Each structure stands twice: as structure tokens, then as C-alpha cells.
Amino acid sequence: MARSSLLLYYFSGSGLFRSIFFFIPTTLALTTSLFILFCISTTSNLFTHYHPPDPSFLGLNSPFGSSTFSSHTRQTVSISFHNHSKTPFQFQVPQIVHLGERGFGSQRPLEPRFPPDGHGNYVNYNEVYHDRDIFVEDYKEMNRSFKIYVYPHRRNDPFANVLLPVGSEPGGNYASESYFKKVLMSSHFITKDPTKADLFFLPFSIARLRHDPRIGVGGIQDFIKDYILNISQKYPYWNRTGGADHFYVACHSIGRSAMDKANEVKFNAIQVVCSSTYFQPGYIAHKDACLPQIWPRQGVLPNLSSSNRKKLAFFAGKINSPVREKLLQVWRNDTEIFAHFGRLTTPYADELLGSKFCLHVKGFEVNTARIADSLYYGCVPVIIANYYDLPFADILNWKSFSINVATLDIPLLKKILKRFSFEEYLMLQRNALKVRKHFQWHLSSVDYDAFYMVMYELWLRRSSVRLHLNAFVHSN
């Protein structure tokens, strides 16, 4: 015992114990720091160079091209459709402007090449649709069979202004909500027989409730709660599924919080909303869908042959988020990236026509009308809005016509954009022009416009509802 005490005294006196107890925590701290740096380096562009798509991935092709998804993907997705027509689906693609920007490299057209994915299957990375054949076939089946029942309301209803379509042509920043309802009510998708309906439409307008002095922002939640209670007592359809085969449409961000006193709507019904973000717990991806926010424009599409795109990138808008503050802080005085806050001194359309890339930057919400603006004027969208569930993501391959930049990488924005060669940029712009008709509203709907695309998203979700109902029936 005495010897052990002496040894302990000797080592502690010599500093060996102190050295050991200092070395172990230091080593652990250093190892942890290195591990954290490794994780960051693999998830951000701060430590790595941005690599745009290989030019060989972006071969010129028709608006749809050939479908080259793996057989496994085809089998998984194709269970739900029955029409096997192979009628070709064609677009008229406007002429692409050669920009002649120095530093973009050769203007030689690319040969279509489709490199293999990680499983050895060849994938067309230039294709603007995830699967052209499935989309065309399902679209025809949707047009043939899809039916919507709208809960009826008379014109003398005290809230007819909220529940019936607007009488005039919709306008303003949140027009998508009114456009959809107005076009739907006059479409062939409507049925007056609820037994034939695939889905049931809740026709209240969040935008109109917001401006109704009887309701206002503070009364919307109670109105929705009372509305659901009324239809559940008057009709059997809500109670049959708990609202799972019902949907509503809203473009203003308040539409999401409007359901806080009607949890069955939030968690069961299909929410078709402009503020579609994974970050908010009230939005459930794949159950809910994104409504594109589109500033309505009528008439002939702009003539892009006269555009002279000298600016690398353009943004104009209010400073209403930390993301926009960061963009202003970094790029406010840049000569190639034009970041403007406040009223423009030049026409907005001219700025879009004069820029190669147009920035969609998160404001108060992830959504703005800038994506549709960009596409309308032939400008490649750059999306700086984390967690944004993009419009028609079930259908469109967004990587083929837009660029997604994480908010963390705003300081690297110019570096990211300049790494795209002239051929790569032309391909992005060419694809942007192929999809822009999907981002337009018409009072008399046109095939494949925004109304039909939203209907297709709903049609896809009606399959999930039917599977849920079948499972419920068999389990009881």
C-alpha cells in the first residue's frame, strides 16, 4: 500500500498524470473538429468548386425527347395509369437568341449524349420531364375521367363573394388562386353527381376572406372551422375519409395558418398552396402540392429575338428577409450581378430581357412570382430559397432549365453562374422556353397551361386517396 502511494506520488509529482489528462481531451476535441469540417466540406460549396452539369449531359433534343428512365422506375410509376395511347405531344419552341457573351466559349451545338446513372442505366439529363411517356398517357386519362365535385353555394349566399368565382378577370400578385377556381368551375372536370367525384373542392377563397371586413385576418381560422363543420353535418363525404379526398387552393401565405383550428384540413386534405415549403410543419410534401405564383399576362409572348442579355444576373425586390439582405450586402455594387432594392428606374420587363439569369430570392416566404416572370421573358431562373417544394416537381425536371443555389452559397453566386459554358447556358434557356407555357393562366384554359398542370398534380394525388380508402375498407 505504501509502495502504491509512493508510485502515485512520484508520477503525479513528475507531471505524467497531468500530461495524460491534458492530452486525451485535446485529442478528442481535435478529432471532433476535423470530423465537423469534413461534414461541412461534403455538404457545401464553401470548400469545393461548383461543378455544373457535364456539357454532354445537355444534348439538344425535342421538347420531350426519348424516355430513358430505368425499367425499375417505369414499373414503379406506371401502376396508376391505363391509357396506352402514344400520340406525340409537341410544343412550338421560340427561337433562341445567341447572346455572344465573351467568355462563354464556342457556340457549336452539342450532340445528344446520355451518360449512365449510378446503376448503369442511361438517363436523359436534358429531358425537361421526369418521364414524357407516363406524363402524356396520364394526362389523357386525366382529361377523360377525372371529376371534381364542388360544394354548391347560391349567389344570394351571405359569403358568395368568398365561395363563388370572381366575376372579373383575376389580377395581382395572388391571382393564381382566383384563376384556378374561375377556370375550374367552367371546365369539363366538374360533376354535379358527388358519387362520381374523385375529389371534392372546398371553394372558399383565402384572399377574399382576408379582405372581407366581416372576417379579416383574425377571423379566417374560425370561418374555416365553421365551414368544415357545416359540410360535415350536411353531407356524408367529408366524414367518409376525414377530408382526405378534399382539397383547397390558396396563394397568400396566410392560407397555411388559416387551418390552425381545422387540423383535419391541414393533415388530411390536399393543400394546393403557393407557400409550399418543407420547413413549415403544416405543409406535407406529396400529400400537398405547390400552386405556382404567376403574375397574369395576356397577349402575345415577348419577342426574344430582340433581347440583348448583357447582365449576368438580375434581381429586384423588397428587403424582407435575411436572405435578401445577404444578397444586397454581397452584390449591391457589382457590375455583373444587378441586385436592386426599391423602385426600378427602368421597365421591369427590359431588365428581365437584358439578363441571362434571373434570381428568385426567398422573401417573407419561399414563393414569389419571379420564377414565372423569368420563364416568360426567356431568362434562366436561379432559385435561392431553401426548402422550396417547386411547382410541378412531380412532372418537371427542374435541373434541366434552372439553377438551385443554397442561401449559404450567396457569396459564391458569380463563381457558380460563370462556370456554365455558353452551350450549357443555351441549353438551360432552351429548356426554360419549353416549359414556360406551363406557367401561364388563361380564362379559357389551354392544354398544358398552369390550370391543366395543377389538375394533373391533383389527379396524381387522387390515386393515393383511393389506395388509402381501399386499405381502410379491407382492414375493417
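The values are calculated or read from the model by the stated rules, or taken from the named source; none is laboratory data. Every value quoted in this text rests on a predicted model; they were computed, and no experiment measured them. Positions of Cβ are generated from backbone atoms using ideal geometry, with glycine treated the same way; all protein chains shown enter the neighbour counts. Only protein heavy atoms, including side chains, enter the accessible area calculation; ligands, DNA and RNA are left aside. Shrake-Rupley method; radii C 1.70, N 1.55, O 1.52, S 1.80 Å.
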ask   = Residue check, TYR122 against (1) touching a Lys or Arg at 6+ places or on another chain (Cβ under 6 Å); (2) at pLDDT below 95; (3) not β-branched (Val, Ile, Thr), all met but one. Which one?
value = (1)
query = Can you tell me which residue in region 284-297 is modelled with the lowest pLDDT, limited to those that are within 19 Å of ALA262 (Cα to Cα) and assigned to a loop (DSSP other than H, G, I, E, B)?
reply = ILE284
task = Go through GLY242, GLY216 for me and flag whichever is in contact with a helix residue (DSSP H, G or I) (Cβ under 9 Å, 6 or more places away or on another chain) and free of Cβ contacts under 8 Å to residues at least 24 places away in the same chain.
result = GLY216
message = Going by what's in this entry, would ARG370 be described as under 20 Å from ASP334 (Cβ atoms), under 13 Å from the mean Cα position of the chain (by Cα) and charged (D, E, K, R)?
response = yes
request  = Could you list all residues from region 406-441 that are touching a helix residue (DSSP H, G or I) at 6+ places or on another chain (Cβ under 7 Å), under 24 Å from TYR387 (Cβ atoms) and of a type in the set (Gly, Ala, Ser)?
outcome  = ALA432
request  = Residue by residue through region 342-370, note down the ones that are in contact with a Phe, Trp or Tyr (Cβ under 7 Å, 6 or more places away or on another chain) and either of a type in the set (D, E, K, R) or under 19 Å from ARG430 (Cβ atoms) (or both).
outcome  = GLU351, LEU352, LEU353, SER355, LYS356, CYS358
message = Suppose we filter region 199-246 for residues that are part of a loop (DSSP other than H, G, I, E, B), open to solvent by 20 Å² or more (accessible area, probe 1.4 Å) and either in contact with a Leu (Cβ under 7 Å, 6 or more places away or on another chain) or under 13 Å from TYR149 (Cβ atoms) (or both); how many remain?
response = 3
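Test GLY317 against the criterion of being over 21 Å from the mean Cα position of the chain (by Cα) and among the small types (Gly, Ala, Ser), and give yes or no.
Considered against the rule, which asks whether it is over 21 Å from the mean Cα position of the chain (by Cα) and among the small types (Gly, Ala, Ser), GLY317 comes out as no.
Got at least one residue in region 435-447 being more than 17 Å from ALA369 (Cα to Cα), open to solvent by 10 Å² or more (accessible area, probe 1.4 Å) and touching a Leu at 6+ places or on another chain (Cβ under 7 Å)? Don't jump to the end; show me each part of the working.
Quick first cut of region 435-447, residues more than 17 Å from ALA369 (Cα to Cα) only: 443-447.
Checking the rest, the ones that are also open to solvent by 10 Å² or more (accessible area, probe 1.4 Å) come to 443-447.
Then keep just the ones that are touching a Leu at 6+ places or on another chain (Cβ under 7 Å); that gives none.
Within region 435-447 (the criterion being more than 17 Å from ALA369 (Cα to Cα), open to solvent by 10 Å² or more (accessible area, probe 1.4 Å) and touching a Leu at 6+ places or on another chain (Cβ under 7 Å)), the answer is no, since none of the residues qualifies.
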remark   = If we keep only residues of region 152-210 that are touching a residue at least 40 places away in the same chain (Cβ under 8 Å) and among the basic types (Lys, Arg), then the residue nearest to VAL249 (Cα to Cα) is LYS181
task = Count, please, the residues in region 298-329 that happen to be of a type in the set (Lys, Arg), open to solvent by 60 Å² or more (accessible area, probe 1.4 Å) and in a loop (DSSP other than H, G, I, E, B).
result = 2
query = Out of (1) in contact with a helix residue (DSSP H, G or I) (Cβ under 9 Å, 6 or more places away or on another chain); (2) over 17 Å from ASN404 (Cα atoms); (3) of a type outside the set (S, T, N, Q), the odd one out for LEU375 is which?
reply = (2)
request  = Give the residue that is surrounded by the fewest Cβ atoms within 10 Å (Cβ to Cβ), with candidates limited to residues of region 264-283 that are touching a residue at least 60 places away in the same chain (Cβ under 8 Å), under 19 Å from the mean Cα position of the chain (by Cα) and not in a loop (DSSP other than H, G, I, E, B).
outcome  = THR277
task = Filter region 169-198 down to the residues that are surrounded by fewer than 20 Cβ atoms within 10 Å (Cβ to Cβ) and β-branched (Val, Ile, Thr), then identify the one that is farthest from TYR149 (Cα to Cα).
result = THR195
